[in-house]
Amino acid sequence: VSACSGFPVSIFFIIINEFCERFSYYGMKALLTLYLTNFLRWEENFATVIYHTFAALCYLTPILGAILADSWLGKYKTIVYLSIIYAIGQTVLSVGSINELTDHNWDGTPDNVSLHIALSMIGLILIALGTGGIKPCVSAFGGDQFEDDQEEQRSIFFSLFYLAINCGSLISTIITPLLKAFECGIHAKQQCYPLAFGIPAILMAVSLVVFLIGSKMYKKVKPQGNIMLQVCKCVGFAIKNRFRHRSKEYPKREHWLDWASEKYDKQLIAQTKMVLKVLFLYIPLPMFWALFDQQGSRWTLQATAMNGDFGIQLQPDQMQTANALLIVIMVPVVNSVVYPLIKKCKINFTPLKKMTVGMFFASMAFVAAAIVQVQIDKTYPVFPAAGQTQIRLINLDVLPATVQFQPQLQSVDVAPNEATGYMTFEPSKLQSLNIIYSLVNKTEPLELLEGQRYTLAFKRNLVDIDPNLILDNVTSKPADGKNLVRFLNNFPFTVNVTMDYKAFGVLPPLSASNYSVVEGRKVPYIIQASWPPYWSCTGLSKKFGYGSAYTISVDGCTNYTLDVTHFEDIAPNTVHMAWQIPQYFLLTVGEVMFSVTGLEFSYSQAPSNMKSVLQAGWLLTVAVGNIIVIIVAGASQLDKQWAEYVLFAALLLVVCIIFAIMAYFYTYIDPNEIEAQFSEEEKKDKKDQDDNEKEAEADSRM
C-alpha cells in the first residue's frame with residue numbers, strides 16, 4: 001500500500017467518504033421532523049413517533065451490518081453494497097418530496113398524499129438499512145489499513161475520522177435548512193424539500209464513488225467470524241446447561257457462565273464475563289439517549305414557535321447546529337481545562353462519575369427546555385374549545401360604536417378604525433348583536449358554529465349600517481415562522497388587491513380575501529389597490545414578524561398613496577430562539593461527559609477482541625432510548641409540552657440516581673492483566689504438555 005507521511009493513502013479516501021456520508025445523513029435528518037409536519041401534514045406527536053422510529057432503526061441495523069461484514073461479506077463489500085442501498089434510499093426520499101408528482105390541479109398541495117408517504121417511508125427504511133449497516137464497518141475498515149506497529153498513526157486516523165463526522169454534521173445542518181427555505185416548484189412556489197433532500201442524495205453518491213476509487217489501495221481483511229455470535233452462543237449454552245442441571249444433586253458453580261465450560265474454552269468465558277459486567281451497566285443508559293435525540297424532534301418543533309431573527313433569519317431546524325458547534329468547542333475545553341482542574345482539586349473523577357454527572361446535565365437541559373416552553377405558551381393565542389365560538393369586532397367607521405351582544409350578554413365600545421380582541425361565547429346563548437352609532441342602530445342575527453373564530457366588520461352607509469360576518473378559518477398559529485395575511489376592502493366600491501405581485505383577488509365593499517401565507521422579513525411589502533382601468537394606488541405594509549396573522553383594511557387613497565390599517569389577528573412569535581442556547585449548552589456538556597467517556601470506559605473494561613460486542617451494545621442503548629420516546633409520546637396523556645419535558649427530566653434524574661448506585665458497586669478491572677494471566681497459564685500448560693511428551697518419549701526409548 002502506498003504511503004503518505006507514514007499514513008496509507010487509502011485512509012484519505014475513507015475519511016472523505018465518511019465526511020460525505022455524515023453530511024448526507026445529518027443534512028437529511030435535520031429536515032425530517034418539519035418535512036413530516038409541513039409537507040406530509042402529520043400532527044406533531046405522530047411526526048415525533050415516526051422520527052424516533054427511524055432513529056431507532058438506524059441504531060438497530062449496525063448489529064446486522066457487523067454480522068454481515070464479519071461472518072460473510074467482509075467489510076469492503078458490506079460498505080459498497082449497503083452504500084448503494086443508502087444512495088437509492090436518499091434518492092427515493094428526495095423524489096417523494098416533489099410536490100408536482102401528484103399536484104395535478106396546481107394548487108401547491110399534493111393530490112395523492114399516500115404516494116408521497118409511501119415513497120418517503122421506503123426511502124427512510126433504505127436509509128436506515130444503509131447508514132446503520134455501514135456504521136460499524138467504516139471506522140473498523142479504516143483501522144485495518146494500518147500495520148500493528150502503527151499505533152500512533154492509527155490513533156491520529158481516529159481523531160481525523162471523528163473530525164470528519166463532526167464537520168459533516170455541522171456543515172450539513174447549516175446548509176440543508178437554507179436550501180429548504182428556497183422557494184421552488186413549477187406551478188406553485190413552496191419550500192424546496194426536493195433540493196434539500198437531493199443534495200444529501202448526491203453527496204451519498206459522491207461518498208460511494210470516492211470509496212470505490214480507492215478500491216485497489218485497500219488492505220482487505222478476510223471475514224473472520226463474528227465474535228458477537230460466539231458470545232451469544234456461549235451465553236445461550238450456559239443458560240441451557242444451567243437449566244438442565246438445576247436439581248440439587250449437581251454442585252453449584254462460581255458463576256452461571258461457568259456452565260458453558262463443557263463446550264467453550266476458559267478464555268472466551270472469562271472475556272464474556274467481562275463484557276456482560278459492562279453490558280449490565282448499560283441497562284440505565286437508554287434514558288439519556290431518549291432525551292438527547294429529541295433535539296431533532298421536540299426541540300425543533302419548539303423552535304418553530306420562536307423568533308429566529310439573529311440579524312439574519314435562522315430556520316428552526318438550524319438550531320440543531322448549536323449542538324454540533326458546541327461539541328467541537330467543548331471536547332477540547334473539557335479534556336484540557338475542566339478535567340485537569342478537577343484532578344488538581346484531588347477529586348477522583350472516575351469515568352462512571354463523569355457519566356453520572358453527564359446524565360444530570362442532560363436532565364437539567366430538559367428543565368431549561370420546560371422553562372422556555374412555559375414562556376412560549378404564554379404567547380399562544382387561545383382558540384375556542386369544544387362548545388365555544390369566538391368573535392371579534394372591527395369598526396371601519398370614523399365614529400365610535402357600541403355593540404350589545406343579545407340576549408343581555410355584554411356590551412362593548414369600539415373606537416373608530418379599531419378592533420376588539422376575540423371574545424368567547426357559547427353559540428347557543430349568543431343569538432344576535434345590536435350595533436349602535438350616535439344616530440343609527442342595527443340588530444344583526446347570528447348563527448355561529450362551535451370551534452370557529454369569526455370577525456364582524458361594520459360601518460355606516462348613508463342611512464343604515466353595513467355589517468359583514470367573516471369566518472376566519474384559522475385554527476392554529478402559523479407554522480415555521482411564516483405569517484398569514486388577508487385584506488378587507490373599506491372602499492365603497494370593488495377593488496383588486498395585490499401585495500408584492502401576489503394576487504388577493506377582486507374584493508367587493510366590506511368583503512375579505514382568504515388568508516395567504518407570507519414570509520416574515522425585515523422590509524415592508526408593497527400593497528396595491530386598483531380599480532382598472534381608472535386608477536391604482538400603492539402603499540406599504542408593516543414589517544411582519546414571524547408566526548403572526550393580520551387583517552389589513554385598505555381604507556382610502558391620498559395622492560396615489562394607499563391608506564391601510566393593520567389589525568393583529570395572531571401576535572407574532574416573541575420568545576427569541578437564543579433562549580434555546582442554554583438547553584443546548586447543558587445537553588452538550590452532558591454529551592461530552594456521558595457519550596465520549598462511555599465508549600472509552602467500555603473499551604478499557606473489556607478485551608480488545610470484544611470491542612465490536614460493546615459497540616453493538618452501546619448502539620443498542622441509543623435505539624432503546626428512541627423507543628422510550630415513542631412510548632412516552634404515544635402513551636402520555638399530557639397536553640402541555642412543558643409537562644412532557646419535566647416528565648423526561650424527572651425520569652432521567654431517577655435513572656441517574658440508579659446508575660450512581662450501580663457505579664458505586666462497580667470494581668474496575670484491567671482486561672490486559674486477565675489476558676496475560678491466561679497466556680501465562682497457556683504457556684505453563686504447553687510446557688507441562690511438552691515435558692510430559694518428552695518423558696513419555698524417554699520412557700518409550702528405554
task = Assuming a ≥ b ≥ c are the square roots of the Cα gyration tensor eigenvalues, decide whether the chain counts as rounded (a/c under 1.5), prolate (otherwise, with a/b larger than b/c) or oblate.
result = prolate
key: Helix axis angle, 266-282 relative to the chain longest principal axis, alpha carbon, degrees   = 20
request  = Could you size up the charge dipole of the chain around its Cα centre, putting +1 on the beta carbon of Lys and Arg and -1 on that of Asp and Glu, and report it in debye to the nearest 20?
outcome  = 760
query = Once phi is turned into θ = phi - 60°, what whole-Hz ³J(HN,Hα) does the Karplus curve with 6.51, -1.76 and 1.60 give for every residue of region 462-472, x standing for Gly and Pro?
reply = 4, 10, 9, 10, 9, x, 9, 8, 10, 7, 6
ask   = Per residue, how many Å² of accessible area does the chain show with a 1.4 Å probe?
value = 47
message = At a 10 angstrom cut-off on C-beta neighbours, averaged per residue, how do the peptides 319-328, 272-281 rank from highest to lowest?
response = 319-328, 272-281
task = As a check on your grasp of the helix formula, calculate [θ] at 222 nm for the chain: sum -39500 (n - 2.57) over DSSP H runs of n ≥ 4, divide by the residue count, round to the nearest 500.
result = -17000 deg cm²/dmol
message = Can you return the lysines within cross-link range of Lys346? Criterion is Cα-Cα under 22 Å, with same-chain partners fewer than 8 residues away left out.
response = Lys354
remark   = Sparse-neighbourhood loop hits (trypsin sites (Lys or Arg not before Pro), region 426-471; DSSP loop; Cβ within 10 Å at most 14 others) -> Lys429
query = Using modelled backbone amide H atoms (1.01 Å from N, in-plane), which distant-in-sequence or interchain residues come within less than 5 Å of His576's amide H?
reply = Asn307
inquiry  = Where in the chain is the longest stretch that carries no GluC sites (Glu not before Pro) classed as loop by DSSP and with at most 15 other Cβ atoms within 10 Å?
reply    = 263-446
query = lysines near Lys640 by alpha-carbon distance under 27 Å, same-chain residues fewer than 8 away left out - which ones?
reply = Lys29, Lys378, Lys477, Lys482
note = Here region 104-114 yields Karplus 3J(HN,Hα) values (6.51, -1.76, 1.60; θ = phi - 60°; whole Hz; Gly and Pro given as x) of 6, 9, 6, 9, x, 10, x, 7, 10, 4, 4
query = Using 7 Å Cα-to-Cβ label points, what is the Asp377/Leu178 separation (nm, one decimal)?
reply = 3.7
Reach of Lys240 by Cα under 23 Å, taken over lysines that are not fewer than 8 positions away in the same chain = Lys248, Lys252, Lys263, Lys266, Lys273, Lys277
message = Per-residue counts of other Cβ atoms within 10 Å, averaged by peptide: what ranking do you get for 628-634, 158-164, 173-179, highest first?
response = 173-179, 628-634, 158-164
Value in Å of the Kirkwood radius, where region 217-333 supplies the Cα pairs that are averaged = 19.6
request  = Run the numbers on region 389-570 and let me know its relative contact order in percent, using alpha-carbon pairs under 8 Å that are six or more apart.
outcome  = 16
Centre separation in Å (Cα based) which lies between region 239-267 and region 140-176 = 43
message = Compute the angle between helix 227-244 and the longest alpha-carbon principal axis of the chain, please, reported from 0 to 90 degrees and rounded to the nearest 10.
response = 70
task = May I ask you to evaluate 6.51 cos²θ - 1.76 cosθ + 1.60, the Karplus curve with θ = phi - 60°, for each residue of region 331-338 and list the ³J(HN,Hα) values in order in whole Hz, giving x for glycine and proline?
result = 4, x, 4, 5, 5, 9, 10, 5
query = Of the peptides 102-109, 81-88, how do they stack up when ordered by the mean number of other Cβ atoms within 10 Å, highest first?
reply = 81-88, 102-109
request  = Once you have a ≥ b ≥ c as the square roots of the Cα gyration tensor eigenvalues for region 300-412, tell me rounded if a/c is under 1.5, and otherwise prolate or oblate according to whether a/b is larger than b/c.
outcome  = prolate
query = Which one of Met204, Phe161, Ser612 is farthest out on the positive end of the charge dipole of the chain, using unit charges on Cβ (Lys, Arg +1; Asp, Glu -1) and the Cα centre as origin?
reply = Ser612
ask   = Residue farthest toward the positive end of the dipole of the chain, with Cβ of Lys/Arg at +1 and Asp/Glu at -1: which of Cys232, Ala512, Pro582?
value = Cys232
ask   = Counting only protein heavy atoms, what percent of the accessible surface of region 256-377 is carbon or sulfur at a 1.4 Å probe?
value = 70
ask   = Once amide H atoms are placed 1.01 Å from N in the peptide plane, what residues at a sequence separation of 5 or more from Leu562, or on another chain, have their amide H within under 5 Å of its amide H?
value = Thr538, Gly539
query = From Cα coordinates alone, what are the radius of gyration and Dmax values for region 389-570 in angstrom?
reply = 16.6, 49
message = Taking loop as defined by DSSP and a crowding limit of 10 other beta carbons within 10 Å, which chymotrypsin sites (Phe, Trp or Tyr not before Pro) in region 445-536 fit?
response = Phe493, Tyr501, Tyr534
message = Just to confirm the filter: which chymotrypsin sites (Phe, Trp or Tyr not before Pro) across region 537-625 are DSSP coil and have at most 12 other Cβ within 10 angstrom of their Cβ?
response = Tyr560
request  = Report the extension gain between Lys222 and Thr109 in nm, rounded to one decimal, defined as 0.36 nm multiplied by the number of residues separating them, less their alpha carbon distance.
outcome  = 35.5 nm
request  = Just name one of Gly311, Gly130, Leu285: the one whose Cα is farthest towards the positive end of the charge dipole of the chain (beta-carbon charges, Lys/Arg +1, Asp/Glu -1).
outcome  = Leu285
note = Sorted by chain and number, the residues with a modelled amide H under 5 Å from that of Tyr218, at a separation of 5 or more or across chains, are none
key: Angle in degrees between helix 193-213 and the longest Cα principal axis of the chain, rounded to the nearest 10   = 20
task = Report, in debye and to the nearest 20, how large the dipole of region 389-570 comes out about its Cα centre when Lys and Arg carry +1 and Asp and Glu carry -1 on their Cβ.
result = 440
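The values are calculated or read from the model by the stated rules, or taken from the named source; none is laboratory data. Quantities reported herein were computed from a predicted structural model and do not represent experimental measurements. All Cβ positions, even for glycine, are placed from backbone atoms using ideal geometry, and neighbour counts span all protein chains on display. Side chains are part of the model used for accessible areas, which takes the heavy atoms of the whole protein and leaves out ligands, DNA and RNA. Shrake-Rupley method; radii C 1.70, N 1.55, O 1.52, S 1.80 Å.
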